[in-house]
Each structure stands twice: as structure tokens, then as C-alpha cells.
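Right, one structure below, let's go through it.
Values quoted throughout were computed directly from the atomic coordinates according to the rules given, and no laboratory measurement underlies them. Bear in mind the structure is a predicted one, so any value in this text is a computation, not a measurement. When we count neighbours, we look across all protein chains shown, and the Cβ atoms used for this are built from the backbone with ideal geometry, even at glycine.
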Amino acid sequence: MKTQNVIVDLSFEFALEIIELAEKLETNRKFVLANQPLKSGTSIGANVREAQNAESKNDFIHKIKIAAKEADETDYWLELCQHSKNYPDCTELREKISVILRILNKIIGTSKTKQV
């Protein structure tokens, strides 16, 4: 899925990769950690998508802030995975979530300064 919106595309692509990670974790019987990044990692894109249809500027900012919180939580789970024995390497996913977080924080900052 490609749109003209970078954060919509990045968060969707990231969600697909998180689904793959969760499936890999489940296959390796790492059930506890599999569900956490699956929930928060797919929620980022859902909130970004919701923000596209926000009812107001404040609603937009609120939904993007939720996406940023979910992204931060996802990074936490990926960091745990990365530093745990017998878990997949999550370096690439952590780099991607870092980019997503920077974009979301920039959107929040820009949106707040444009409010009058």
C-alpha cells in the first residue's frame, strides 16, 4: 500500500514487519513477548490512519501523540527482545521505529506551532 503520506506508509509497512516478528516469536514459543510488540506495533499505523480523518487540529494532534506513545512502547519491547538470549535480532526494526518516532514528533511539533 503506497499513499502520498510518508508516515501512513511507514507505519503500515512497519506493522507488516511486526506481524512477521510476532509470528517468528510464536513459532519459537516466545508467546509472552510476541503479543506485546504485535499490539503496540500495529496500533501505531491504526492511530496514524485515524488521525487522517481527525475532527479538529486538537484531535489530529491527540491521535498522533497516541501513535508516538505506541511507537515508544514498541521500541521498548524490541529492545527487550534484542537484549534477551535466544530472541531474534531487532536492530533493523529498532532503526525503523526510531525514524517513525522522529517523524511523529516532528508532526506533533509542527502541528502545535501552526495552532492559533
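Within the range 49-70, if we keep just the residues that are touching a residue at least 40 places away in the same chain (Cβ under 8 Å) and within 21 Å of Cys90 (Cβ to Cβ), the residue that is surrounded by the fewest Cβ atoms within 10 Å (Cβ to Cβ) turns out to be Ala68. Do we have Ile18 as part of a helix (DSSP H, G or I) and touching a Gly at 6+ places or on another chain (Cβ under 6 Å) here? Spelling it out, Ile18 is indeed part of a helix (DSSP H, G or I) and touching a Gly at 6+ places or on another chain (Cβ under 6 Å).
In this structure, Ser40 does not qualify as in contact (Cβ under 8 Å) with a residue 60 or more places away in the chain and either more than 29 Å from Thr113 (Cβ to Cβ) or assigned to a helix (DSSP H, G or I) (or both).
When the range 26-48 is filtered for residues that are crowded, with 19+ Cβ neighbours inside 10 Å and not polar (S, T, N, Q), the ones remaining, listed by number, are Leu33, Ala34, Pro37, Leu38, Gly41, Ile44, Gly45, Val48.
Does Asn105 satisfy being farther than 14 Å from Ile7 by Cα, out of contact with any strand residue (DSSP E or B) (no Cβ under 9 Å at 6 or more places or on another chain) and of a type in the set (S, T, N, Q)? Please lay out each step first, then the result.
On the way: farther than 14 Å from Ile7 by Cα: no; out of contact with any strand residue (DSSP E or B) (no Cβ under 9 Å at 6 or more places or on another chain): yes; of a type in the set (S, T, N, Q): yes.
No: the conditions fail for Asn105.
Any idea which residue in the range 2-25 is farthest from the chain's Cα centre (by Cα), counting only those that are of a type in the set (S, T, N, Q) and surrounded by 13 or more Cβ atoms within 10 Å (Cβ to Cβ)? Only one residue fits best here, namely Asn5.
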